[in-house]
Structures are given as C-alpha cells and as structure tokens.
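Here is the structure we will look at.
The values are calculated or read from the model by the stated rules, or taken from the named source; none is laboratory data. Keep in mind that this is a model prediction, so the values were computed, not measured. Positions of Cβ are backbone-derived with ideal geometry, glycine not excepted, and every protein chain shown enters the neighbour counts.
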Amino acid sequence: MLFFLTYWWIFLIVLSFLFYKFVLRVFFGMVIVPENKIGLVTKKFVLFGTDKSLPDGRIIATKGEAGYQAKTLAPGLYWAMWPWQYAIDMASFTIIPEGNIGLLLSKDGAEIPTGRILAQKVSSDNFQDATMFLDNGGQKGRQSAFVTTGSYRINTHLFEVVISPQIVISENMVGIVTAMDGEPIPIGQIAGKFVEGHNNFQDFDQFLKKGGNRGLQPQVMLAGSYYINSWAIQIEQTPMTDVPIGYVGVVISYIGEDGQDVTGDTFKHGNIVSKGQRGVWMEPFGPGKYALNKYTTKLEPVPTTNLVLNWADARSESHNLDQNLSTITVRSKDGFPFNLDVSQIIHVPANEAPKVIARFGSMNNLVSQVLEPTIGNYFRNSAQESDVISFLSTRKERQESAKNHIKVVLDEYNVNAVDTLIGDIVPPESLMKTLTDRKIAEEEQKTYQTQKMAQEQRQGMEKETAIADMQKEIVKASQSVEIAQRTADATVKKAEGDATSLKLNVNAEAEATKMRANAEAEATKARAGAQAEATKLTASAEAERISKTGLAEAEKIMAIGKSTAEAYQLQVSAMGGDNFTKYKITEEIGKGKIKVIPDVLISGSNGTDGSMSGLLGLKLMEMMDTNKSKENSKKGE
C-alpha cells in the first residue's frame, strides 16, 4: 500500500496509455505494424456489397470477401481497421538464410494441369503480392519457382515456405540430373532430349516451356553451387570419369539417334558411329577427366601401352585382366604332364580400340574369348609333338614359333602381338632331379674353374705385391749398378789410358830389346858357328875313337864267348849232359841264395810221396812267399 501511494503517478500513466490505445483501436480502428512485422488480415464479415463470400474452392480473398485477405499490412500506421470487423495477426518476415533457397507451397490458386506435379511460375513480386499471384493464374500446390537468400513479406495464410539448402557439387564430381516434371520421355529412349536455356536447371520453368522431359537427363552438372528446386530436380553426384595415361576411353552411348556405321563393309562385328549417336563412338577419348553420365554412356578403358598377361598361378599384373588366368598344364609326347608359365605381351592401337570394344565389349572378354583359348591350345598341341627334355632344350625355338603363330591370330582381332615369353617350366620330379643334378655338376665345374682363376689371380697379386715391396731394393740396386757401371767405365777409361801408356813403353822397350836381341843373335850366331865347327871336329875324333874301341871290344867278347863255349863243350863232354845241367842249376841256386829244403814239408798220406801232394805243397809255398814279399814291400814303404 505504501508502494502504491508512493508511485501512484506511474500507474496513472500506464492506465492512461492503455486506455488511450484501447480507445483509438476501438473507436478509430488504429493499427500499428512494427518495422520487423507484417500484418496478416482476416476479415470477419462484409457490411456492404453483394459478393460477401468467397468462390467455391478459394480460401484467400482478393476482392474484399470475408476470410483471409490476400493483401497484407506492411510496417506502418493504419486506421479504420475496426477490431470487430478485422483480426490483425502480426507475423515475422520470411528470412531465407545464406546458402539456402525458399520453396513455396501455395494453399490457394488454380488447379495444376493433369500430368504435372509443379505449378507454373507467375509474376508475383517473389510471392510477396498474393493478389497478383492469384489474379495472374497462380496455381495451388508446389511451385516451380522459388526465392533466394533475403527477407520477404510473404502472406503465410497463402504460402508455406520450406527452407532448402543450395545444391553443391564437389570438385571432380558430376551431377546426374533427374527431372521430376515435364513431358514423357520419347519411346525407345532411356533419357530425355537435350534442352538448352534453363541455366543448369535453375530456371525450371524455361526447361518446361522448351519441352523438357521428365526423368533422366542427358546433361550433367559440373562442380559448383546451384539454386535448384529439389521438388523439380533430383541430383546424384558421381565421380568424374578418369582416363589414365596409357589408356584411351571408348565411349558407348545408350542414347541418341541411330547412326550409320562408319567402318564400312569390312568390319561386321558391331555398330561404330559418330560422336553423339547411339552406339560405339568412332573417336575414343584420350587421357583426362570427363563429365559423363554413367546412366546414358559407358566409357570402356583400353590400354594403349604394352600389356602383359600372365598364365601363372602366382603372378598377376595390376590391371587384373589376367586374374582368372592360371598356369597351363600340358602333356608331352612321352606321356609326362608338366606345368608351363607363359607371358603374352599385346598392344592395342588407339585407333583400333573402338573396333576391339565393338567386337568383344570389353578387354576382359578379349582375354577370355581369344587369348586364353588361343595360347592354351597352342602350347598343349606343341607339347604333344615333343618329349619333356626336348621341349626344355628347344625352349627358345618354341617361344619364337609361338610368337609368330599368336601374332597371326591376333592380327585378325585388331590387336598387335608384341611378344610371347615362356616362363617357368615344371617337369616331372624325376626328370627335374636329373636336370638339376646335371646343372649342379656344370655349376660345380664352373665354380672350380672360377676358384682356379681366383687362385691364379691371387698368386699374381702376391707376386706383384712382392715386386712392389722389393721395388725400393730394386731401385737401390739399379742405382748401385748404374754407379758401378759408371765406376767401371771410369776404371776402363783409366785402364785404357794406362794400357796405351804401357803399350808405348812396351813398344819402345820391345824395340830396344829387339835391337839388343838382334845384336846378341848375331854374336850368338858367330859363337855357335865357331862352337859348331869345334864340336864337329871333336865329334869326328870321338867317333873315330869309339869305332876303334868298339871293334876291339867286339873282338874281345867274341873271344870270351868262343872260349866259354868251348869250355862248356868240354864240361858237357866230361860230366855228361844231365849232370852238367844239375851242376849249373845248383850253381845258380847258390848264387841266388835259393832254399832247397822247404820250411814246411808236405808229404802224401801213409808215408808215400805222391806227385799231387808235392805239387800242392809247392804251390802253397809260392803263395806264402808271395804274401811275405808283399808284407816286406809294405814295410819298406
């Protein structure tokens, strides 16, 4: 109570203001619309005029009928809006945030034609003038037109606004378009016809006016942001089609007019047409990225570099065209089965790629329908013509033969056969052991030879090392030899000088000696002549003397011998021959002091003298005397 008594004047002002607004609103029909609002008017009844109710099927009044009024109140002051006749609802502006669009659903208007799902666009100041919209034939339902980012005074009694985000197509992506409204797709086609002038489907009314078809569209949308009515257009994003380096892309189009085959009569395996027509395009795409509609076109990559295909269980290339190929099992002439790895290198020319695709449909079909049976059957047939060992030993020749055979076959399919290579050959275990043992022996022989060479090289190296180590001594010795040589040369020169000097001296001495010798020789010659003459005279006298002495001596000896002979003759006559002989023997024994009685007597057995015993005794004595003589000789020496 105390508070009221203190601040009574504030309550008085508030009551006056409320009374003032009430009085103005009731008695003068005053309405104030704030600057951030619009007034939605509902007319409760009509005081004057004959058309007091809305036509059948209408909910929005455009001519003053009772009900929701098409015209709204903009911010400001309005009079004569009596509260008993008009209900004013304040509504906020319709704000479309950045990056969004506003899709509108009309609650009133004309009926949409049969077969269409979207109302056509009419002039209505971006749906802010409901009267204009309805008077211009605006249709109820989902509108093909939309509003972009901004603030709008939209009569929400007539329109319902749905916020929808912009369509953003990312980099390296392609937008595939499907139209939800339009003319039916022509019979025999899977996509609508190509229509221009609709600004990438952002002006859908233009698309409709130019006869665009509902359903899949041949056009695609590239990376960027677009104002797209999602009630009219559905977009699917897919990656761009990439043709890598070393490939070409053969385009197979599923839409377009039927084209005339451009290959002529020689190629009868497919329909190759010009660009834009239905079929396989004659011109392939080179390396790069392309915005293709995956539902209307297909791009078949064809490698234009050398392509390796492996018939091997443990090896496959990155292109995976050989992932279903396996090692070839063959049987030899002698009945042995063995496995064979083969690699085939092929090349598809860029200008022949469309023909390959038109014939086979894909590179995988080329491998499975041509290469796999051709190569497999060739090597099976080739193996049956030879035994295993011969097949192994003639590998190079068989590889060259396979290359030529397969080249002829692939030329018929517009494919170049670059090379055929035989990889690993796995013969039976027993044969493999034989070959392995043989190879090991050969390798051991090579190893021994290599070791021998290594030892020889090591010996050479050690020899060179020793020579290098002795090089200092060799140089020193060489220098010593050179010094000695020079010393010897000096000595020789000195000796030659001495010899020359000596020679001169000797020559002089010899000359003097020669002269003395000549003089002495002359003197000697004279003396020798005189001596010879004297000797000659002496010799003659001596010879004379000897001659006379010899004659006298001879006569003396002759006389002595004659007298001795006569004496012997007389003694023989006197003594007899035997006795004289014994006498002379005894005499001679006495002169020679010869023992007559032996020191040892040797007699025969039983006291008898045997001749044999006597001879043996004499022989023994001779031997003893001989030995004694030798001993005496040694002592004397």
Original post:
Which residue, of 429, 385, 412, is within 30 Å of residue 366 (Cα to Cα), loosely packed, with under 10 Cβ neighbours inside 10 Å and over 27 Å from the mean Cα position of the chain (by Cα)?
Top reply: 412
**OP:** Filter the stretch 69-88 down to residues that are modelled with pLDDT of 90 or more and small (Gly, Ala, Ser) and give me whichever is surrounded by the most Cβ atoms within 10 Å (Cβ to Cβ).
**Re:** 70
Subject >> Within the stretch 106-138, tally of residues that are of a type in the set (A, V, I, L, M, F, W, C) and within 10 Å of residue 158 (Cβ to Cβ) >> reply: 4
Original post:
Does residue 352 count as of a type in the set (Asp, Glu) and either modelled with pLDDT of 90 or more or assigned to a helix (DSSP H, G or I) (or both)?
Top reply: yes
Original post:
What number of residues within the stretch 311-345 are in contact (Cβ under 8 Å) with a residue 60 or more places away in the chain and small (Gly, Ala, Ser)?
Top reply: 2
**OP:** Can you run down the residue pairs with Cβ atoms below 6 Å, 6 or more apart or on separate chains, where the first is in the stretch 29-45 and over 16 Å from residue 84 (Cα atoms) and the partner is surrounded by 15 or more Cβ atoms within 10 Å (Cβ to Cβ) and of a type in the set (D, E, K, R)?
**Re:** 38/153
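To keep it simple, each residue is scored yes or no on (1) over 23 Å from residue 255 (Cβ atoms); (2) exposed (fewer than 14 other Cβ atoms within 10 Å of the Cβ); (3) in contact (Cβ under 8 Å) with a residue 40 or more places away in the chain; (4) not aromatic (Phe, Trp, Tyr).
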{"residue": "139", "(1), (2), (3), (4)": "yes, no, no, yes"}
{"residue": "144", "(1), (2), (3), (4)": "yes, no, yes, yes"}
{"residue": "149", "(1), (2), (3), (4)": "yes, no, yes, yes"}
{"residue": "165", "(1), (2), (3), (4)": "yes, yes, yes, yes"}
{"residue": "188", "(1), (2), (3), (4)": "no, yes, no, yes"}
